[in-house]
Every structure is written in structure tokens, then in C-alpha cells.
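Heads up: the structure comes next, in C-alpha cells.
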Amino acid sequence: MSESTAVPGGPVPLLEVAGVRAAYGRIEVLHGVDLVVPPSSVVALLGPNGAGKTTTLKVASGQMAPTAGCVHLAGRHVNGASPDALARLGVCTIPEGRGIFPNLTVRENLRMVTYSGVSQKRVEERAFGQFPRLKERSGQVAGTMSGGEQQMLAMARALGTDPALLLLDELSMGLAPLIVEELYGLVAEIAREGVSILVVEQFARTVLGVADVAVIMQHGRVTAVGPPTELEQELSAAYLGASS
């Protein structure tokens, strides 16, 4: 099944992936994926390990070129655009594993954002306002912080660039449930500020409470799209089917 979350006559989506196919060598792993991220919304891309979620994220962020189909950013065709070019258009990715500089302090990590042209003061004001714990740790080497604090730093660095579209890969990886709940509360707050968010998660329950739309993938295809509360049966089938 291939279904789109776009609403005819509605606002232009921040991200639209249409009929996308992608392959590693001769092995095709995405088989015509359709996906839409509306403005100021959280879209959860769910499915078992190996479903094609991270590959979809790589295509959306310019890290991998599709072999067929189209990628649009705010209505603009961006097939073949590099990650750097997409970043200048407002796309920011937080990869699995957080993507911080572990040997630098929190403040030094935030300073790296200023190379995009944003002032240090503005970056720190937003980071410390949204993540007060980082202010307490500003002089601490990032690699010595807890996993949750490192994820907060990754998010603060991303938000320092004022992104229009935030791509999150496995935000909950290796973190305690209470920390994950706190982080997803921040994700919802970020979306309310106007940032569109596509989040890839293997553990569906951690993100469903804040997602506006859930997209389920299996075997490189989108199998269901809709409000999270309406996809309970499909989610169970996807995960139970993958483990059998």
C-alpha cells in the first residue's frame, strides 16, 4: 500500500517524498516510498529493524540519492542536492549516535554552530533556555555527560541553525524511558514553535504520544499512514510479523 499524508488544497509540505526507490549496489531497499511532513508537525516513521526507515532518512537529507522518484523541500525539487545544500535550505539531521564532538565542552560544541553564520550569543540563549541542564554543564567535556544530556546537546546544536525541518534518527537509542519521555516532550515543544519534524523510531510507543502522523514501513514500503491512535492494529501486525 502506498499512501500520502498530503491534504489536497492544504499548505505545501515541508518535505514530500514521492515514489522514491533507493538501492545499495544492486539491492533495492526502498520500493516506491511516499511520505509527507506537513508544516509544524511531528511525523513518526515506524517499523521493525530493516524496514527501510534510516534509508528513507538518508534520501531525505541528501546523504543518499534515490534511483527513482522525487524529493521536494517546501515544494522545491531537491533530488541530487548535497547535505550541505539542504542544510542551507533549512534541513538539519541528528543521526543515530547523537553526532556531537565528545572531546569538546558543551560551549565549544555550541560554538561550532556559529560557523553557519549565527552568533554565539543567540545559539547559547536558545540552547540554555530550552535545555537548562546544558547551562549547568557548559564547561563540561561533552563525552563525559550522560546519554540523555548528550542527546540534548545534539538537539541544541541542531536548533541553533534555526532549521525548518528536523530529521531525527532513533532519538531513544540507549536511553532510559524517563529521559526519552523528557526528550519527546521537547520534540513536541519544538514542533509548536514551527519546526517540522520527521523522527525515525524502532520503538514505536516512545514517540506516539507526540506524533501528529504515524507512518508504518515494512520491507521498504509504506504500509499505513494515519493518526497514531488509529494505527494500533497495524503497528502490532508490523512488529509481530517481523519477529515471527
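The values are calculated or read from the model by the stated rules, or taken from the named source; none is laboratory data. The structure presented is a predicted model; accordingly, all values stated were derived computationally and were not measured. Backbone-built Cβ (ideal geometry, glycine too); neighbour counts: all protein chains shown.
Counting the residues of the range 22-48 that are part of a loop (DSSP other than H, G, I, E, B), more than 20 Å from GLU193 (Cβ to Cβ) and of a type outside the set (Gly, Ala, Ser) gives 2.
Are any of the residues in the range 116-128 touching a residue at least 60 places away in the same chain (Cβ under 8 Å) and loosely packed, with under 15 Cβ neighbours inside 10 Å? Reasoning before the result, please.
To start, the set of residues in the range 116-128 that are touching a residue at least 60 places away in the same chain (Cβ under 8 Å) comprises none.
No, that holds for no residue.
Candidates are the residues of the range 161-198 that are of a type in the set (Val, Ile, Thr) and more than 26 Å from GLN120 (Cα to Cα); the one that is nearest to the chain's Cα centre (by Cα) is VAL180.
Residues in the range 92-109 that are buried (at least 18 other Cβ atoms within 10 Å of the Cβ) and either at pLDDT below 95 or at positive phi (or both): CYS92, THR93, ILE94, ARG98, ILE100. Evaluated against (1) closer than 19 Å to PRO95 by Cα; (2) without any contact (Cβ under 8 Å) to a residue 40 or more places away in the chain, THR229 falls short on exactly one condition, (1).
Restricting the range 57-91 to residues that are more than 22 Å from LEU159 (Cα to Cα) and either assigned by TED's automatic domain parsing to the domain that holds GLN140 or of a type in the set (S, T, N, Q) (or both) leaves a set whose member that is surrounded by the most Cβ atoms within 10 Å (Cβ to Cβ) is ASN79. For the range 141-160, filtered to residues that are surrounded by 19 or more Cβ atoms within 10 Å (Cβ to Cβ) and in a loop (DSSP other than H, G, I, E, B), the residue that is farthest from the chain's Cα centre (by Cα) is MET145.
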